[in-house]
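Student: Can you read through this structure? Questions will come right after.
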Amino acid sequence: MSIVIVENLSKNYSGEHALRTVSFSVKKGTIYGIIGADGAGKTTLMRILTTLIPADSGTVSIMGYHFKKDVQSIRSSIGYMPQRFSLYQDLSVKENILFFADVFGISGTERKEGIQRLLSFSRLEKFKNRRAAHLSGGMKQKLALCCALIHKPQVLLLDEPTTGVDPVSRKEFSEILFDLKKQGITILVSTPYMDEADMCDELMIIHKGSVLRNGCPDSLKMDLPYRVYQVENRQQTVHCPPAVIKRKGIRMVYPSAGTIHVMADPEQINAEEVFEFTYAAFSGFETVKEVNPSIEDLFFYLVFSTDELKP
Amino acid sequence: MIQRLYAIVLKELRHILRDNQTLFIILAMPVIMMFLYGYALTMDIIDAPILIINPNHDAYVNELTARIDASAMFKVCGTIKSCSDIQAQFRRHHVKIICRFPASFSIDLNNGGTAAPVQVLIDGSDPNTAIILKNAFEGILSSITLDMMGIKPADIIIVNQRILYNQEQKSALFFVPGLMAIILLMISALLTSLTITREKELGTLEQLLVSPLHPFEIILGKIIPYVILSGIDGVLILITGNLAFGVNVAGSLTFLALTGTIYIFASLSIGMLISTVATTQQQAMMMVMPITMLPTIILSGFIFPLSSLPIALRLVSNIVPATWFLQIIRGIILKGTGIRELWLQMAILCGISFFLIAVSVKRFRGHL
């Protein structure tokens, strides 16, 4: 059963396509990832879904509410966390949560218990009297999540919640999202980090306002018609700028988490020839091995092949 | 609705109380401005410097000079025997009046029949002051002279004049109520114009919009804390006016509080309207000055009487809230006027506030 249905959504900003005919649907109780580089249209999409900006064409339905006719119903039944930290820096953790509790009309024991639940669940109990301005990036994001959850929304929209957050906090944040999913909350999360794709049940890859692919991560990885080889050095990170290689069988090379990935067409080149190419092309590496393709590999493949078609 | 409104009010109060700079502006500025304007805006003339030209060291003139010097309005800054370049005296010294007695002054005076000529030159670069000086000096010179000669003026008409409501004709009594109108407007409009733009700048508005809050709740919730603060400012201004300038409230304090609140609402709604239009705090500040300060000082009757304005500007002055509040507050403080005489002004102020708040709510878009 789909709880969010988006059909043919388009948005232009002074002639520039921010979104073009974006369609997708999200099943209840799943985590849906919106993955793309900066400027891909993630925030525009999020803001249209949260009724913050109007779309040029297309429709959105969230929990059966229409995004233009039932604005108030959508706003009071979703939880939204904007990309930029948008809570009050001069209010304490508890005061921020209480403010949103009041705004959403939560009172009495529900209010008291709700705050306690969120503080312990986000592990912010110890910092409840600290002003938001003095929290670390990860703690701020958790506080923002608490404020978005105070009214027990069924759908949670998170716009790049882990951007600018340290790796430990990112890990913790994704665990929190799994907990929320267990409670039956549907989560839409956008991210520029490809490695976060694997926590999603389904995802879309968005580039320059268009959806390049969508589906579950494992089946998406199968879409990659090429093999991926990883060039690495355990002592130091190796680096090269992403490039399309016009050499027989080799498609492209790009950096990936301190290693270099080489994408090759198995029909034109075999593993040994790839090794020969890498020996000739890069210095200072130790090993070359074939790896299972990741969403990042698919992303580079999709982006480079579309950009090649439409320069 | 009440809970949501309460949430916004509480949040705004916390913002204000935790921001020392804003708090200082709110509490200290009115008092500082009272002193600045109160002393700078006075039209009372005290110790205007006067130069006496007394060619013969005439004893009669010397006596006159001493009496002029003793008056509160004039101060003799020198007596000289002759002067070839009068203009140089005005240019070089801070002299406002030069009074040249002829060498034959005491003879002329005691001659009987013919009038004794005296030349009086007045610095006219500030025409208002020049006219006041002229009238005052003419009066003082003849009354002192008559007194010295022991002559009583002939009783043709006996004018029993008495100036009501400001018997000593102190400028402060006229300006302090006006200042209250100006300062309340400046503080209220400026502070509210910053509140929504600040949320726009910090990005917090995005979170507020994705909530069941209605624009009306956001705007009213933001106005209420500033009504309280501006009320405190009003009390501070009254206390300063009383202690420093000796202004007493002739009318009812309760009625003053009521009308003051209505006026504060009108001022805050101007600020609110600005903040729904401006996108940054800086922009809001730039808009507040010309929209509030200039019309209020120039078109409200604060300094220049409304009757001396050209007809087009007089029409504009009707939409300036301070125009109406000045009539109210001068009435209450100086004359002790009540609601029966001032209901129209109050109704107009209410109308202006409701109109501005309605426009702000309409302009405050529900999306980014």
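Student: Considering each of A:Gly58, A:Gly29, A:Gly33 in turn, give the residue that is at pLDDT 90 or above, touching a helix residue (DSSP H, G or I) at 6+ places or on another chain (Cβ under 8 Å), at positive phi and more than 14 Å from chain B (Cβ to nearest Cβ).
Tutor: The match here is A:Gly29.
Student: Please go through region B:319-368 and give me each residue that is surrounded by 18 or more Cβ atoms within 10 Å (Cβ to Cβ), of a type in the set (Gly, Ala, Ser) and within 30 Å of A:Thr51 (Cβ to Cβ), ordered by number.
Tutor: B:Ser360
Student: Does A:Gly64 fit the bill of being in contact with a Leu (Cβ under 6 Å, 6 or more places away or on another chain) and either at pLDDT 90 or above or away from chain B (no Cβ under 13 Å) (or both)? Outline the logic, then answer.
Tutor: On the way: in contact with a Leu (Cβ under 6 Å, 6 or more places away or on another chain): no; either at pLDDT 90 or above or away from chain B (no Cβ under 13 Å) (or both): yes.
Criteria not met by A:Gly64.
Student: Quick one: A:Gly79 ticks every box in (1) of a type in the set (Gly, Ala, Ser); (2) buried (at least 20 other Cβ atoms within 10 Å of the Cβ); (3) not in a strand (DSSP E or B) bar one, so which box is it?
Tutor: (3)
Student: Within region B:3-10, identify whether any single residue is under 30 Å from B:Gln281 (Cα atoms) and small (Gly, Ala, Ser), and answer yes or no. Talk me through it step by step, then tell me what you get.
Tutor: In the first step, residues of region B:3-10 are kept if they are under 30 Å from B:Gln281 (Cα atoms); the result is B:3-10.
Now drop any that are not small (Gly, Ala, Ser), which leaves B:7.
The answer is yes, given that some residue of region B:3-10 is under 30 Å from B:Gln281 (Cα atoms) and small (Gly, Ala, Ser).
Student: Please count how many residues of region B:329-350 are among the polar types (S, T, N, Q) and at pLDDT below 90.
Tutor: Pass one, region B:329-350, residues among the polar types (S, T, N, Q): B:337, B:345.
If we keep only those that are at pLDDT below 90 as well, we get B:337.
Residues flagged as among the polar types (S, T, N, Q) and at pLDDT below 90 within region B:329-350 amount to 1.
Student: With A:His239, A:His261, A:His207 as the choices, which residue is closer than 30 Å to A:Thr186 by Cα and either at pLDDT 85 or above or touching a strand residue (DSSP E or B) at 6+ places or on another chain (Cβ under 6 Å) (or both)?
Tutor: A:His207
Student: Another question about this same structure. Against the conditions (1) assigned by TED's automatic domain parsing to the domain that holds B:Ile131; (2) part of a helix (DSSP H, G or I), where does B:Leu36 fall short? Just the number, please.
Tutor: So the condition that B:Leu36 fails would be (1).
Student: Is it fair to say A:Ser107 is hydroxyl-bearing (Ser, Thr, Tyr) and at the interface with another protein chain (Cβ under 9 Å from one of its Cβ atoms)?
Tutor: Judged against the criteria, A:Ser107 is a match.
Student: Moving on. So which of B:Leu184, B:Leu194 ends up being at negative phi, under 28 Å from the mean Cα position of the chain (by Cα) and either crowded, with 24+ Cβ neighbours inside 10 Å or not assigned by TED's automatic domain parsing to the domain that holds B:Val288 (or both)? Walk me through it before giving the result.
Tutor: Working: B:Leu194 fails: either crowded, with 24+ Cβ neighbours inside 10 Å or not assigned by TED's automatic domain parsing to the domain that holds B:Val288 (or both).
So the residue among B:Leu184, B:Leu194 that is at negative phi, under 28 Å from the mean Cα position of the chain (by Cα) and either crowded, with 24+ Cβ neighbours inside 10 Å or not assigned by TED's automatic domain parsing to the domain that holds B:Val288 (or both) is B:Leu184.
Student: Another question, then. Looking at region A:226-269, what strands (runs of 3 or more DSSP E) fall wholly within it and have at least 3 residues that are surrounded by 16 or more Cβ atoms within 10 Å (Cβ to Cβ)?
Tutor: Result: A:227-232, A:250-256, A:259-264.
Student: Does B:Ile223 satisfy the condition of being out of contact with any Cys (no Cβ under 8 Å at 6 or more places or on another chain) and assigned to a helix (DSSP H, G or I)?
Tutor: Judged against the criteria, B:Ile223 is a match.
Student: Continuing with this model, one more query. Got at least one residue in region A:170-186 being within 28 Å of A:Ala18 (Cβ to Cβ) and crowded, with 23+ Cβ neighbours inside 10 Å?
Tutor: yes
Student: Take region B:157-181 and flag every residue that is out of contact with any Leu (no Cβ under 8 Å at 6 or more places or on another chain) and exposed (fewer than 15 other Cβ atoms within 10 Å of the Cβ).
Tutor: B:Ile157, B:Ile158, B:Val159, B:Asn160, B:Gln161, B:Arg162, B:Ile163, B:Leu164, B:Gln167, B:Glu168, B:Gln169
Student: Same structure, new question: Name the residues in region B:44-62 that are under 39 Å from the mean Cα position of the chain (by Cα) and either on the phi < 0 side of the Ramachandran plot or hydroxyl-bearing (Ser, Thr, Tyr) (or both), would you? Before you say what the answer is, go through the steps one by one.
Tutor: Of region B:44-62, the ones under 39 Å from the mean Cα position of the chain (by Cα) are B:44-53.
Once the filter is applied, which keeps residues that are under 39 Å from the mean Cα position of the chain (by Cα) and either on the phi < 0 side of the Ramachandran plot or hydroxyl-bearing (Ser, Thr, Tyr) (or both), region B:44-62 yields B:Asp44, B:Ile45, B:Ile46, B:Ala48, B:Pro49, B:Ile50, B:Leu51, B:Ile52, B:Ile53.
Student: Checking B:Ile8 against (1) in a strand (DSSP E or B); (2) assigned by TED's automatic domain parsing to the domain that holds B:Thr195, which single condition isn't satisfied?
Tutor: Only one criterion in (1) in a strand (DSSP E or B); (2) assigned by TED's automatic domain parsing to the domain that holds B:Thr195 is unmet by B:Ile8, namely (1).
Student: When the residues of region A:82-100 are narrowed to those that are within 27 Å of the chain's Cα centre (by Cα) and outside any loop (DSSP other than H, G, I, E, B), which ends up surrounded by the most Cβ atoms within 10 Å (Cβ to Cβ)?
Tutor: A:Val93
Student: Of everything in region B:197-210, what is within 13 Å of chain A (Cβ to nearest Cβ), crowded, with 21+ Cβ neighbours inside 10 Å and out of contact with any strand residue (DSSP E or B) (no Cβ under 6 Å at 6 or more places or on another chain)? Give them in sequence order.
Tutor: Step one: of region B:197-210, the residues within 13 Å of chain A (Cβ to nearest Cβ) are B:198-210.
Applying the additional criterion that residues be crowded, with 21+ Cβ neighbours inside 10 Å yields B:199, B:206-207, B:209-210.
If the condition is that a residue be within 13 Å of chain A (Cβ to nearest Cβ), crowded, with 21+ Cβ neighbours inside 10 Å and out of contact with any strand residue (DSSP E or B) (no Cβ under 6 Å at 6 or more places or on another chain), then B:Glu199, B:Glu206, B:Gln207, B:Leu209 are the ones that fit.
Student: Then there is this: On the given criteria, is B:Lys222 modelled with pLDDT of 85 or more, touching a helix residue (DSSP H, G or I) at 6+ places or on another chain (Cβ under 7 Å) and among the basic types (Lys, Arg)?
Tutor: yes
Student: While we're looking at this one, here's another question. Among the residues of region A:72-100, which ones are closer than 22 Å to A:Lys112 by Cβ, among the aliphatic types (A, V, I, L, M) and within 9 Å of another protein chain (Cβ to nearest Cβ)?
Tutor: Residues satisfying the conditions are A:Leu87, A:Leu91, A:Leu98.
The values are calculated or read from the model by the stated rules, or taken from the named source; none is laboratory data. Since the model is a prediction, treat every value here as computed from it, not as a measurement. Quick reminder, even Gly has a Cβ in these numbers, built from the backbone with ideal geometry, and neighbours come from all protein chains shown.
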